[in-house]
Amino acid sequence: MKFEATPQEQLQILTTGVVDLVTREELLTRLEKSYQAGKPLVVKLGADPSAPDIHLGHTVVLQKMRQFQALGHEVVFLIGDFTGRIGDPTGKKKTRPALTEEEVKANAETYKAQIGKILDLGRTRLVFNSAWLSAMTFADVLKLTSQYTVARMLERDDFANRFKNQIPISVVEFLYPLMQGYDSVALKADVELGGVDQTFNLLVGRDLQKSYGQAPQVIMTLPILEGLDGKDKMSKSLGNYVGINEPPDQIYGKVMSIPDDLMGKWYDLLTDLTPAQLAEVKRRAGTEPKAVKMQLARRITAQYHGEAAGAQAEAGFEKLFGKTGDGLPEDLEEARLAAPAEGLSLVRIIVLAGLAPSGGEAKRLIQQGGVKVDQEKQTDQNRLFRHGDTFILQAGKRGFRKVILD
């Protein structure tokens, strides 16, 4: 095949936004050989199907993979159906329960559907590492384990900390980075992508390829994306995530809720704007942050649901928040509630008004500062309201009711 971009042009595109590259010289050499031979590089990205919902944090690496694909290289999305039964110990303080084979298969199917929103599935090689790991004999496993020492494994911070604090580490967890590294051997990977928290595992792949007589893969790590709170890594468990399968209005609304100082990084990591366009967006963010954030929200929504859905989500958001000037929707839904003589607590009102599914969820919203009465934040979940009270209740970013107690 013939590549349209020169090796130097490809290098400039591919290294933008990268945290670590091992090594830049090796990548350029491989790109030059690929260009001359007309042979695409094999670019690997692995994922354990233990958490099947892809959020924007995951897409940072997938977007880089799409760049390789657009430049004409062969991208391989490896679903770790075998390693997923063990669980990656990276960042874990204790042994993670293994998934059943049925759970792994179900999650893997979900991954396939979702990565198609970012990658061209027709040009993406989907593989399962059970194809070679399941076929290994005990002699093969012993040969693999002989390539690495326990001392090297304990260089990983998570293993070292658990060992120091006498938290159990199973032998099978030591096998995880070896198996992930062996995936690169089996695929003869030229490049492997991952988040910065995967650096150790990617380096193991380089070492194993050398041991098995292959040229070591180039490793490329991408930044961690902060979630909606602007502080912690985007995570479902922390509730600060934006799932790419969420409805358009939810994606749009969640993006609009991020702190202004996070916009620049989200533009960098989640869009394909040119450096000049990014510079202009960041300049405008200082003087017209809402317009710039709306542009970001519409762009991200459209990427996963189409331009029409992005425009519709924006129109819906503007109708709800953009015209009154006070952050309240124009047409408030009423909630008429019967108040007993002793009154109704704030928690009970939130549930009865349909703004939370349970008292526990209502309490959580109050504790997180997400409940307002007549635009004043509420901290007392036991506050009582009585017959004749009328007020505007807000629970969460987009939940409003005009409450009337009869």
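Some observations on this one:
- Listing of helices (runs of 4 or more DSSP H) fully contained in the stretch 118-173 that carry 3 or more residues being within 29 Å of the chain's Cα centre (by Cα): 130-133, 157-164
- Some residue of the stretch 131-139 being in contact with a Ser or Thr (Cβ under 9 Å, 6 or more places away or on another chain) and either under 27 Å from V61 (Cα atoms) or free of Cβ contacts under 8 Å to residues at least 12 places away in the same chain (or both): yes
- Sub-7 Å Cβ pairs linking a first residue in the stretch 113-124 that is surrounded by fewer than 15 Cβ atoms within 10 Å (Cβ to Cβ) to a second residue that is of a type outside the set (V, I, T), at least 6 apart or interchain, are D120/Q69; R123/Q69, ordered by first then second residue.
- In this entry, D190 passes the filter for residues that are buried (at least 21 other Cβ atoms within 10 Å of the Cβ) and among the acidic types (D, E).
- Failed item in (1) outside the structural domain of F82 (by TED's automatic domain parsing); (2) over 22 Å from the mean Cα position of the chain (by Cα), with N240 passing the rest: (2)
- Of the residues in the stretch 58-70, at least one is without any contact (Cβ under 8 Å) to a residue 40 or more places away in the chain and either surrounded by fewer than 18 Cβ atoms within 10 Å (Cβ to Cβ) or among the basic types (K, R) (or both).
- Some residue of the stretch 240-254 being in contact with a strand residue (DSSP E or B) (Cβ under 7 Å, 6 or more places away or on another chain) and of a type in the set (G, A, S): yes
- Some residue of the stretch 83-102 being modelled with pLDDT of 90 or more, outside the structural domain of G306 (by TED's automatic domain parsing) and part of a helix (DSSP H, G or I): no
- Whether a residue is assigned to a loop (DSSP other than H, G, I, E, B) and either surrounded by fewer than 20 Cβ atoms within 10 Å (Cβ to Cβ) or not assigned by TED's automatic domain parsing to the domain that holds G316 (or both) was assessed, and A215 passes this test.
- Some residue of the stretch 379-399 being in a helix (DSSP H, G or I) and either surrounded by 11 or more Cβ atoms within 10 Å (Cβ to Cβ) or modelled with pLDDT under 90 (or both): no
- Residues of the stretch 218-230 that are in a loop (DSSP other than H, G, I, E, B) and either under 30 Å from T23 (Cα atoms) or assigned by TED's automatic domain parsing to the domain that holds M294 (or both): P223, I224, L225, G227.
- Count of the stretch 285-326 residues, restricted to those that are of a type in the set (K, R) and at pLDDT below 90, is 3.
- Residue identified as in the same structural domain as K64 (by TED's automatic domain parsing), β-branched (V, I, T) and at pLDDT 85 or above among V185, V172: V185
- Some residue of the stretch 343-364 being assigned to a loop (DSSP other than H, G, I, E, B) and more than 23 Å from Q250 (Cα to Cα): yes
The values are calculated or read from the model by the stated rules, or taken from the named source; none is laboratory data. Bear in mind the structure is a predicted one, so any value in this text is a computation, not a measurement. Neighbour counts are summed over all protein chains in view; Cβ atoms, including those assigned to glycine, are modelled from backbone coordinates with ideal geometry.
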